[in-house]
1. With a/c under 1.5 counting as rounded, go ahead and sort the stretch 231-323 into rounded, prolate or oblate using the C-alpha gyration tensor (a ≥ b ≥ c being the square roots of the eigenvalues; past the cut-off, prolate if a/b is larger than b/c, else oblate).
2. Can you tally the net charge around ALA300? Count Lys and Arg as +1, Asp and Glu as -1, for every other residue whose Cβ sits under 15 Å from the Cβ of ALA300.
3. May I ask which of LYS20/LYS155; LYS155/LYS176; LYS152/LYS244; LYS141/LYS176; LYS141/LYS269 have a Cα-Cα span longer than 28 Å here?
4. Starting from the Cα gyration tensor of the stretch 3-69, take the square roots of the eigenvalues, sort them a ≥ b ≥ c, and report rounded, prolate or oblate (rounded when a/c is under 1.5, otherwise prolate if a/b is larger than b/c, else oblate).
5. Rounded to the nearest 0.05, what FRET efficiency is calculated for SER39 and GLN14 with R0 set to 30 Å and r the Cβ-Cβ distance?
6. Place +1 on the Cβ of every Lys and Arg and -1 on the Cβ of every Asp and Glu in the stretch 227-325, take the dipole about the Cα centre, and give the residue among PHE236, ALA255, PRO305 whose Cα lies farthest towards its positive end.
7. Mind ranking 9-19, 310-320 by how tightly packed they are, going by the mean number of other C-beta atoms within 10 angstrom, highest first?
8. Quick one: grab the alpha carbon gyration tensor of the stretch 144-225, order the square roots of its eigenvalues as a ≥ b ≥ c, and give me rounded if a/c is under 1.5, else prolate or oblate depending on whether a/b is larger than b/c.
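Computed from the coordinates by the stated procedures, all read-outs in this text should not be read as laboratory data. Owing to the predicted nature of the structure, the values given are computational and were not obtained by experimental measurement. Please note: Cβ atoms are built from the backbone with ideal geometry, for glycine as well, and neighbour counts cover all protein chains shown.
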Amino acid sequence: MPKIAMERLYIIDQQIASGKYPNTPYLAEYLGKNWGKLSISTVSRDIEYMRDRLYAPIEYDPLHRGYYYAQKTFRLPAVYASAENLLALGMAKSIFSLYRETPLYEASSHLLESIITPIASDGSHDWLEKRIAVPPVASAKVDGGIWEVIVKGLKENRIVTFDYQRTWDDEPQNRKVRPYQLLFDSGVWYLYGFSEERRATRIFSLPRIKNAQITREIFPLPKNFSYADFTSDSYFGVFIGLEKRHFVINCYEEAAVYASDRQWAADQKITTIDGGLKMEFTSTQYHKVLKWVLSCGCNAVPVRPQRLVSDWKWHIQEMRKLAVK
């Protein structure tokens with residue numbers, strides 16, 4: 001559809017959303033003031049396009065003899081006319097593929113399609129699909145029923161219950177949780193919330209949640225409910241701890257490049273050492289930092305804290321035992 005036609009659609013959208021119950025003769029006359037004479041059939045096609053291609057919930061009210069939105073809050077998405085913005089939308093569509101195993105994927109893809117399709121209907125941006133891609137990652141599928149319960153709990157600040165089996169548990173345990181946030185990390189969705197049994201915040205993997213139910217209990221959302229409030233501005237993924245630590249890690253070869261390429265913490269400091277780089281930062285994400293150091297092999301050597309040095313050496317010794325068997 002030409003951009004000039006898109007402008008008409010947004011004016012029609014405004015008129016329908018105004019609650020005036022405009023009909024096709026009225027819209028043809030109203031639009032004609034800016035575009036010259038328009039036929040009623042042209043306006044009818046515009047409305048049909050909005051309903052069928054942009055999924056606008058347009059209904060006709062015989063009493064008022066005009067159109068209205070069945071969903072009162074509906075409005076057409078804003079126009080993304082510039083090439084730069086359209087390119088950004090195409091890239092966002094690729095990024096949403098990371099959420100393919102969740103109900104969020106279908107809704108988000110549908111929304112982006114409704115924006116991109118009418119604006120780039122000439123096919124000029126088809127190359128986006130082939131030339132900009134997000135490599136697939138190992139992901140865990142989320143049950144649609146579980147997702148709906150958790151989202152409802154988030155939206156209404158209602159306590160949820162579910163069965164949950166941790167890695168070291170022999171049997172699932174029933175949990176009662178105040179849901180604070182949904183978190184996404186490395187292909188997996190997590191629930192961050194306040195555990196009534198532990199009287200503390202905990203993180204739960206959504207794929208491990210079973211038999212989730214919403215309760216009638218409403219909870220007050222605290223001011224410092226956000227997961228980000230407890231990471232000490234470090235960016236090593238989902239998991240957090242209670243103790244804030246100062247980390248010093250010497251990085252060499254590939255690890256040095258990897259360390260300097262990214263911002264791992266807000267207070268990250270990198271200095272040059274003989275043969276590599278020294279990275280310093282503070283974080284509460286101890287286990288994620290340990291995992292990162294181990295993933296770098298011999299090219300990352302922890303210096304502080306002492307616990308990190310000891311744990312790193314223990315893992316090396318255990319791997320050596322396995323290697324010499």
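1. On the way: a/c = 1.79, a/b = 1.14, b/c = 1.58.
Cα axes put the stretch 231-323 in the oblate bin.
2. +1
3. LYS20/LYS155; LYS152/LYS244; LYS141/LYS269
4. Note, shape of the stretch 3-69 comes out oblate.
5. Approximately 0.90, to the nearest 0.05.
6. Projecting each Cα onto the dipole axis, the largest value belongs to PRO305.
7. So the peptides 9-19, 310-320, ranked by packing, come out 9-19, 310-320.
8. Rounded.
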